[in-house]
1. Classify the stretch 1-76 as rounded, prolate or oblate, taking a ≥ b ≥ c as the square roots of the eigenvalues of its Cα gyration tensor: rounded when a/c is under 1.5, otherwise prolate if a/b is larger than b/c and oblate if not.
2. Whole number in Å², please: accessible area per residue of the chain, 1.4 Å probe, ligands, DNA and RNA not counted.
3. What residues have an amide H closer than 5 Å to that of Asp22, excluding those fewer than 5 places away on the same chain, when H is modeled at 1.01 Å from N in the peptide plane?
4. Any idea which of Gly32, Ser61, Ser110 is furthest toward the positive side of the dipole for the chain, if Lys and Arg beta-carbons carry +1 and Asp and Glu beta-carbons -1?
5. List the GluC sites (Glu not before Pro) in the stretch 42-146 that DSSP assigns to loop (not H, G, I, E or B) and whose Cβ has at most 10 other Cβ atoms within 10 Å. Which are they?
6. Could you work out how far apart the two model spin labels at Leu63 and Asp127 are, taking each label as a point 7 Å from the Cα in the direction of the beta carbon, and quote it in nm?
7. Simple spin-label model, 7 Å along Cα-to-Cβ: Arg87 to Arg54 in nm?
8. Which trypsin sites (Lys or Arg not before Pro) does the stretch 1-104 hold that lie in a coil by DSSP with at most 10 other beta carbons within 10 Å?
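The values are calculated or read from the model by the stated rules, or taken from the named source; none is laboratory data. Here the structure is a predicted model, which is why all the values come from computation and not from measurement. Cβ placement follows ideal geometry from the backbone for every residue including glycine, while neighbour counts extend to all protein chains displayed. Note: areas computed on protein heavy atoms with side chains; ligands, DNA, RNA excluded. Shrake-Rupley method; radii C 1.70, N 1.55, O 1.52, S 1.80 Å.
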Amino acid sequence: MFTAGELPVPPALGLAIVACMDSRIDLFALLGLHLGEAHVIRNAGGLVTDDVLRSLALSQSLLQTRETMVIQHTGCGLHGDEEHLRRRVAEATGAHPPWPLGAFDDVEASVLRQLEILRSAPGLVEDQSARGFVYEVETGRLREVG
Ligand SMILES: [Zn+2]
């Protein structure tokens, strides 16, 4: 019988997760999460973009999340050079992407950068806390950064 519809809307752990969309990362298994426990916001790279900030503002303001985890990973498709990545997208689509793709050289530095963006972003609650992690696709290990 389907019962998940009876779960409260606010995430039970007060947690929001920003993570890369990489198909090799099973966030629920990795973190031992169940339905109803966390908001999961995923995009290419696990970057704190304006749209992620929009979702977090709603998550925090209306649904009482206070802790944010940022999870990026080794072997990410965004690891490398922005111009190279832009050329590849332009070749495949016939158009230059109108937004930054968000390539990065160093995954740890990128996680720290996302935490900086989170901590200085307007529109988020004051008592939020944020932690950053790198998931190692080679080992399945999650390690904290910073
Ligand atoms: Zn990735």
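1. Numbers: a/c = 2.21, a/b = 1.27, b/c = 1.75.
Note, shape of the stretch 1-76 comes out oblate.
2. Dividing the accessible area of the chain by its residue count gives 58 Å².
3. HN-HN under 5 Å from Asp22: Gly45.
4. Of Gly32, Ser61, Ser110, it is Ser61.
5. Glu126, Glu138
6. 2.0 nm
7. Taking the simple label geometry, Arg87 and Arg54 are separated by 3.3 nm.
8. Working: sites: Arg24, Arg42, Arg54, Arg66, Arg86, Arg87, Arg88; in loops: Arg24, Arg66.
Of the trypsin sites (Lys or Arg not before Pro), the ones in loops of the stretch 1-104 whose Cβ has at most 10 other Cβ atoms within 10 Å are Arg24.
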